[in-house]
Amino acid sequence: MLSVNELEDALIDLAFAEDIGDGDHTTLCCIPEDAMGKSHLLIKEDGILAGVDMARKVFNRFDPTMQMEVFIEDGAHVKKGDIAFVVSGKVRSLLQTERLMLNIMQRMSGIATMTNKYVKLIEGTGAHVLDTRKTTPGMRILEKQAVKIGGGMNHRIGLFDMILLKDNHVDFAGGIDNAIDRCHQYLKDKGLDLKIEIEVRNLDELQQVLDKGGVTRIMLDNFTVPDTRKAVEIINHRYEVESSGGITFDTIRSYAEQGVDFISVGALTHSVKGLDMSFKAC
C-alpha cells in the first residue's frame, strides 16, 4: 500500500503529465530559459487557507531550485487581499507550476472553509463533523487533509482501514446477524484489528444490532430528528452513534443536539466551491 507521501507524489506527477504533456509551448516560446522572477499568492476571498504544504511539494517536485517564503500557514483565517506566500525562481517554472498549485490550493481551501462553517454550527454539542468517501478520484488524501485543517475529523480513509457494513452489505450477506458474524470471522482469519461500523435504516434494524452486538459504531442512515433522539436513547452510550444522509447546513445543529457523537457530511467534498485566489507576478 502506498504511503501518504507516495500518493501525493503520484498525484503531482500525473497532474503535470496531463497538463504539460510534451511541453508548455506557450511558455517555452516566449520566456528565456534563464529568466528569473517572483510571484505571490493573492487571496481574493475570505476563508480558511489550506494546501500550503502541498504547494511547497508541487514547486519542489517540479523545480527544486524554486524558493518559497510563506507568510500564512495552513489553517489560518484569511481575508481578501492577503498575500499567503511569495515564490522566486525561474519564470518558466513559475508559469508551469501555477495552475496545478492553484487547483490544489483552491480546492483544499474551499473544503477547509466549508468544513469550518459546519464545525462552528455544532459547537458546544459534543458532536464531531466527519467527511465521507465522496471525494475527487486521486485527491482523497488532500481533501481529507483539508477537512482536518478546517476543524473536522476524517471518517475512514478508504475501504482498508475500517469495516463499514452498509445496507447493500447487509442485504447481500443475508441479514444483520450474518454480516456481523462474517466480519468477526474474517478479522480473526486475517489477523486484523479493525473497527466495525454498521448502518441501520430504521429502529427495527437498530434493535437487531443491539441484540447482536459486536460493533463499535452505529450509523443512523436518513433518520429524522425525532427518530434520531429515540435511537440515541435506546443505544444509551453502549456504542458510538453517527448520523448520516441528507444532513445539510440548515439541519446539522438539530441532529447534533440529539446526542449523536458524529455527523458525516458528504457535501464537504463532493460539491464544495473553491476559494478564490490567484498567483501573480510581483
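The values are calculated or read from the model by the stated rules, or taken from the named source; none is laboratory data. Given the structure is predicted, the values throughout are model-derived calculations rather than measurements. Neighbour counts are summed over all protein chains in view; Cβ atoms, including those assigned to glycine, are modelled from backbone coordinates with ideal geometry.
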Please enumerate the residues belonging to the stretch 63-81 that are under 26 Å from the mean Cα position of the chain (by Cα) and either modelled with pLDDT under 95 or surrounded by fewer than 19 Cβ atoms within 10 Å (Cβ to Cβ) (or both). Met68, Val70, Phe71, Ile72, Glu73, Gly75, Ala76, His77, Lys79, Lys80
Any residue that is of a type outside the set (Lys, Arg) and without any contact (Cβ under 8 Å) to a residue 60 or more places away in the chain - is there at least one of those in the stretch 108-119? yes
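So which of Ile218, Ile198 is in contact with a Phe, Trp or Tyr (Cβ under 7 Å, 6 or more places away or on another chain) and closer than 30 Å to Ile111 by Cα? Walk me through how you get there before you give the answer.
Working: Ile198 fails: in contact with a Phe, Trp or Tyr (Cβ under 7 Å, 6 or more places away or on another chain).
Answer to the selection: Ile218.
Assigned to a loop (DSSP other than H, G, I, E, B), under 22 Å from Leu159 (Cα atoms) and not polar (S, T, N, Q), is that true of Leu194? Don't jump to the end; show me each part of the working.
Working: assigned to a loop (DSSP other than H, G, I, E, B): yes; under 22 Å from Leu159 (Cα atoms): yes; not polar (S, T, N, Q): yes.
It is true that Leu194 is assigned to a loop (DSSP other than H, G, I, E, B), under 22 Å from Leu159 (Cα atoms) and not polar (S, T, N, Q).
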Mind checking which helices (runs of 4 or more DSSP H) fall wholly inside the stretch 217-282 and carry at least 3 residues that are over 22 Å from Ala146 (Cβ atoms)? 225-235, 252-256
Among the residues of the stretch 124-179, write down those that are among the charged types (D, E, K, R) and within 16 Å of the chain's Cα centre (by Cα). Asp131, Arg133, Lys134, Arg140, Glu143, Lys144, Lys148, Arg156, Asp161
Can you confirm whether the stretch 49-72 contains a residue that is out of contact with any Phe, Trp or Tyr (no Cβ under 7 Å at 6 or more places or on another chain), within 22 Å of Arg253 (Cβ to Cβ) and free of Cβ contacts under 8 Å to residues at least 40 places away in the same chain? no
Six or more apart or on different chains, Cβ atoms under 6 Å: show the pairs whose first residue is in the stretch 158-177 and modelled with pLDDT of 95 or more and whose second is of a type in the set (Gly, Ala, Ser). Leu165/Ala179; His169/Ala179; Val170/Ala179; Ala173/Ala179
